[in-house]
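Below is one structure; the comments refer to it alone.
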Amino acid sequence: MRERPISASVGLDDETDEPGAVSFEVLADGRSRSESGVVTGADPAVPVSADVTGARMVTLRVTDGGDGKNSDPADWADATVHCRG
C-alpha cells in the first residue's frame, strides 16, 4: 500500500447559508498531488490525501470552484501530516 502522508476531510463550512462552490488541492513543491474536484455546500465532507514524501514545501490551496469567491468559507477538517521516524 502506498503511503499517504497528508490526509484531511474538506468541504464548505456548515454555517454557510448561501450556495457556494470550492475546489481543494494539495501541492508539493508547487506540483499538484491531489485535487478534490468541485465541492458545494450540499456535498458531505470529501476525503483528500496526497503523497508528499520528500517535498520541501507543502501547500493546501482552495480555489473558488469556478463560480466566483462569494459564499465560499472552506474547511480543512482533521488535516494531518503523517511523519515516519
Original post:
Assuming Ser71 fulfils every condition listed in (1) under 15 Å from the mean Cα position of the chain (by Cα); (2) modelled with pLDDT under 90; (3) surrounded by 11 or more Cβ atoms within 10 Å (Cβ to Cβ) apart from one, which condition is it?
Top reply: (1)
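Evaluate the following for Thr16: is it touching a Pro at 6+ places or on another chain (Cβ under 9 Å), surrounded by 13 or more Cβ atoms within 10 Å (Cβ to Cβ) and not aliphatic (A, V, I, L, M)? Talk me through it step by step, then tell me what you get.
Details: touching a Pro at 6+ places or on another chain (Cβ under 9 Å): yes; surrounded by 13 or more Cβ atoms within 10 Å (Cβ to Cβ): yes; not aliphatic (A, V, I, L, M): yes.
Yes.
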Subject >> Hits in segment 15-29 - residues which are out of contact with any Asp or Glu (no Cβ under 6 Å at 6 or more places or on another chain) and within 9 Å of Pro73 (Cα to Cα) >> reply: Glu15, Thr16
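Give me a count of the residues in segment 38-56 that are among the aliphatic types (A, V, I, L, M) and in a strand (DSSP E or B). Explain how you work it out, then say what you get.
Residues of segment 38-56 among the aliphatic types (A, V, I, L, M): 38-39, 42, 45-46, 48, 50, 52, 55.
Applying the additional criterion that residues be in a strand (DSSP E or B) yields 38-39, 46, 48, 50.
Number satisfying all stated conditions: 5.
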Original post:
Does segment 49-63 hold any residues that are at pLDDT below 90 and surrounded by 10 or more Cβ atoms within 10 Å (Cβ to Cβ), and which are they?
Top reply: Thr53
Original post:
In segment 74-81, is there at least one residue being touching a residue at least 12 places away in the same chain (Cβ under 8 Å), in a loop (DSSP other than H, G, I, E, B), acidic (Asp, Glu) and surrounded by 12 or more Cβ atoms within 10 Å (Cβ to Cβ)?
Top reply: no
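For segment 6-13, state whether one or more residues are out of contact with any strand residue (DSSP E or B) (no Cβ under 7 Å at 6 or more places or on another chain) and assigned to a loop (DSSP other than H, G, I, E, B).
We begin by selecting, within segment 6-13, every residue out of contact with any strand residue (DSSP E or B) (no Cβ under 7 Å at 6 or more places or on another chain); these are none.
Among the residues of segment 6-13, not one is out of contact with any strand residue (DSSP E or B) (no Cβ under 7 Å at 6 or more places or on another chain) and assigned to a loop (DSSP other than H, G, I, E, B), which makes the answer no.
The values are calculated or read from the model by the stated rules, or taken from the named source; none is laboratory data. As the structure is a computational prediction, the values presented were derived from the model and not from experiment. Neighbour counts run over all protein chains shown; Cβ positions are idealised from the backbone, glycine included.
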